[in-house]
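Take a look at the structure below.
The values are calculated or read from the model by the stated rules, or taken from the named source; none is laboratory data. What you see is a predicted model, and the numbers here were worked out from it, not measured in a lab. Glycine also receives a Cβ, built like all others from the backbone with ideal geometry; neighbour counts cover every protein chain displayed. Note: accessible area is taken over every heavy atom of the protein model, side chains too, but ligands, DNA and RNA are not part of it. Shrake-Rupley method; radii C 1.70, N 1.55, O 1.52, S 1.80 Å.
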Number of protein chains: 2
Amino acid sequence: MTLQRLVVDPIQMQADQLHLTAEQQRYLHRVLRYRPGDRFMALDGHGHQWLAELTPDLALAVVVSPGASVVPAPQVDITLMAALPKGNSFDQVVRQATELGVSCIQPVISDRTLLHPSPKRLDRWRRIAAEAMEQSEQPRVPPILAPCPWSSLLIPSPEARYLCVARQDAPSLLACLLQQSYRRITIAIGPEGGWSPSEVEAALVAGFQPVSLGNTVLRAVTAPVVALAVAHAAANLQAVDH
Amino acid sequence: MTLQRLVVDPIQMQADQLHLTAEQQRYLHRVLRYRPGDRFMALDGHGHQWLAELTPDLALAVVVSPGASVVPAPQVDITLMAALPKGNSFDQVVRQATELGVSCIQPVISDRTLLHPSPKRLDRWRRIAAEAMEQSEQPRVPPILAPCPWSSLLIPSPEARYLCVARQDAPSLLACLLQQSYRRITIAIGPEGGWSPSEVEAALVAGFQPVSLGNTVLRAVTAPVVALAVAHAAANLQAVDH
C-alpha cells in the first residue's frame, strides 16, 4: 500500500507544521475520509518530500520525519517540445507525458497550429501536470513553459535534439538513442499535418536530428507518448547496462 | 498528398463497382465535398485495397485498378490483452493501439475490473478501431475480441507472452524484446490497481514472462500505448538489422 501523495507549496510549511489549504482539507477529510493520525506524503514538486500526519486541527498536519528527503534526479532529462493540437487534446499530452516522467514541456506554435491558447489554458495544463504527478508517483512536476513560436526555439545547442518526422526516410528514434547515452535530450513533435517543409529545414540547420517513430501515422496526441515511451525505455536500458 | 481512405464491406463491391452506403455518400459528398472523378482508397480492413473513383451517380464508385492490391503483413504480430479500465477510457486504448498497428485486441475481465461491458460497447470499440485505422493509414483493422475472464486466457502457448507488472523487480520489456526477434508476441496489461497476486502467479505458471514498463506508475489507459510503442520500436529495429 503506497501513501497518498499531495503537492504542497513550500510556503505552507512553517517549522515542522504544514498548513493545509481549504481545498486540501476538503480532499483529505471529505474525499479520502482521513482522520487525525492518518499519514500522507507531502511533495513540493521539485523532488523534496515530507511524511506528514494529520492533527486534530483540520487545517494542520505535522511533519513526522524532520527535514525533507530528496528524491534522486532521473537518469535522463527529457524535454518535450510539442506543437499544440486542436481543441482540448493537449490536456491528454500533458497528462500522459507527466506520467512518463518528462522533465519539461514546451508547447510550440508551429505554422500549422490552429490553437492560440489563453494564459488560463496554461494554468489548466499546470494543474493537470500536478495531478498527474501525484497519481503517477513522480517526485517532480514538469514545468510547462509558455507557448513559443517554433522559430524562436531553434537556437544552436550542444544537447541531443530530435525532430520527429512522418513519411520520411529517417532513422528510428530508438536506433539513435541506443547508439549513445545522454544526460539530457529534447524531442520535438509536430502538429496534425506535420511540420511544414521550411520548419523541418530550419530545425536541421539548428542541429536537430530527424527521426522516425515507425511506419504508422500517429495523431498529434499520440506521438508524444510514443516518443517518450521509447526514450525512457532506452534510458532505463542504458542505466542497467552501465 | 495521401488519398482519403475509406473502410468498406466486401459485399459492397460487385464486379468493379463499389456501392456506397448512405453514410459513406454523405461523408464523401457533403463532408469532404468530393465531386465525380475524385479518387479515394477503399479498404476492406483485412489488408486488401482498391483505388476507386466517384461516378456522376452519387451512390456509386468504380474501381480504377482492377483487382485488389494486398498490403504486406506487418513484421511482427502483436496481440494486446488489456484489462478493462473504468468508464469510457477503453475507447482511448482501442484508438491509440490501432494507431500503433496492433494486430488484435483482447479485452480482459480481471479480479479488479469494475466494468462489465454490454455487446453495444464492443460494437463501439470496433467502430473506433475502423476509424483509427482509416486515419492512421493502417492496412488492417485489428479484430477486437469479446471480453474474457483472465483465467480463461491462460492456456499454455509456444508464443512469446509478456505480463506487464508495476512496482516489481522485473526486466524491462525493451530488454526482453531486444534479446530475440519474434513473429508473434502477446502483451498483457492489468487494470487500475494492477493484477492481483493470484492473477500474476497463474500467468507465470502459464508461461507469461513478467516485464516492467519503467519505474513510473502508469494509468491503465497509458500503459498499453507505452508497451505497444516499445514493442513496435524494437520490432522495427530488428527488421533493419536483419
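Given the criterion of a type outside the set (Lys, Arg) and under 25 Å from B:SER89 (Cα atoms), identify the matching residue among B:VAL205, B:VAL200.
Residue meeting the stated conditions: B:VAL200.
Can you pull out the residues in segment A:35-44 that are in a loop (DSSP other than H, G, I, E, B) and open to solvent by less than 30 Å² (accessible area, probe 1.4 Å)? Outline the logic, then answer.
Narrowing segment A:35-44 to residues in a loop (DSSP other than H, G, I, E, B): A:35-38, A:44.
Once the filter is applied, which keeps residues that are in a loop (DSSP other than H, G, I, E, B) and open to solvent by less than 30 Å² (accessible area, probe 1.4 Å), segment A:35-44 yields only A:ASP44.
Can you work out which of the residues in segment B:214-224 that are more than 7 Å from chain A (Cβ to nearest Cβ) and touching a residue at least 40 places away in the same chain (Cβ under 8 Å) is surrounded by the most Cβ atoms within 10 Å (Cβ to Cβ)? Working first, answer last.
Step one: of segment B:214-224, the residues more than 7 Å from chain A (Cβ to nearest Cβ) are B:215, B:220-221, B:223-224.
Checking which are touching a residue at least 40 places away in the same chain (Cβ under 8 Å) leaves us with B:220-221, B:223-224.
Numbers: B:ALA220: 22, B:VAL221: 24, B:ALA223: 24, B:PRO224: 29.
Selected residue: B:PRO224.
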A:ILE78, sole failed condition from (1) touching a residue at least 40 places away in the same chain (Cβ under 8 Å); (2) farther than 21 Å from B:ALA227 by Cα; (3) in a strand (DSSP E or B):
(2)
Subset of segment A:86-124 (residues that are among the aliphatic types (A, V, I, L, M) and either open to solvent by 20 Å² or more (accessible area, probe 1.4 Å) or away from every other protein chain (no Cβ under 12 Å) (or both))
A:VAL94, A:ILE105, A:VAL108, A:ILE109, A:LEU114, A:LEU115, A:LEU122
How many residues does segment B:195-242 hold that are within 16 Å of A:LEU177 (Cβ to Cβ) and over 22 Å from the mean Cα position of the chain (by Cα)?
3
When you scan segment A:189-233, how many residues do you find that are of a type in the set (Val, Ile, Thr), part of a helix (DSSP H, G or I) and either closer than 16 Å to A:LEU173 by Cβ or outside the structural domain of A:GLN106 (by TED's automatic domain parsing) (or both)?
4
Enumerate the pairs (first residue in segment B:31-49 and over 18 Å from B:MET133 (Cα atoms) and of a type in the set (Lys, Arg); second residue anywhere and open to solvent by 40 Å² or more (accessible area, probe 1.4 Å) and assigned to a loop (DSSP other than H, G, I, E, B)) with beta-carbon separation below 7 Å, excluding pairs fewer than 6 apart on the same chain, so at least 6 apart or on different chains.
B:ARG39/B:LEU3; B:ARG39/B:VAL64
Quick one: in segment A:125-181, which of the residues that are more than 14 Å from chain B (Cβ to nearest Cβ) and part of a helix (DSSP H, G or I) is most open to solvent (accessible area, probe 1.4 Å)?
A:ARG127
Would you please name the residue that is surrounded by the most Cβ atoms within 10 Å (Cβ to Cβ), looking only at residues in segment B:2-18 that are touching a residue at least 24 places away in the same chain (Cβ under 8 Å) and assigned to a loop (DSSP other than H, G, I, E, B)?
B:VAL8
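So that you can scan it fast, the table gives a plain yes or no per residue for (1) open to solvent by 50 Å² or more (accessible area, probe 1.4 Å); (2) outside any loop (DSSP other than H, G, I, E, B); (3) farther than 19 Å from B:ARG127 by Cβ; (4) in contact with a strand residue (DSSP E or B) (Cβ under 8 Å, 6 or more places away or on another chain):
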position: B:ARG26; (1), (2), (3), (4): yes, yes, no, no
position: B:ARG33; (1), (2), (3), (4): yes, no, yes, no
position: B:TRP50; (1), (2), (3), (4): no, yes, yes, yes
position: B:PRO56; (1), (2), (3), (4): yes, no, yes, no
position: B:ALA61; (1), (2), (3), (4): no, yes, yes, yes
position: B:PRO72; (1), (2), (3), (4): yes, no, yes, no
For segment A:225-235, does any single residue satisfy the condition of being of a type in the set (Val, Ile, Thr), touching a residue at least 60 places away in the same chain (Cβ under 8 Å), surrounded by 17 or more Cβ atoms within 10 Å (Cβ to Cβ) and within 14 Å of chain B (Cβ to nearest Cβ)?
yes
Under the condition of being modelled with pLDDT of 85 or more and of a type in the set (Asp, Glu), which residue from segment B:40-89 is nearest to the chain's Cα centre (by Cα)?
B:ASP77
Has segment A:192-213 got at least one residue that is at the interface with chain B (Cβ under 10 Å from one of its Cβ atoms) and either touching a Phe, Trp or Tyr at 6+ places or on another chain (Cβ under 7 Å) or surrounded by 22 or more Cβ atoms within 10 Å (Cβ to Cβ) (or both)?
yes
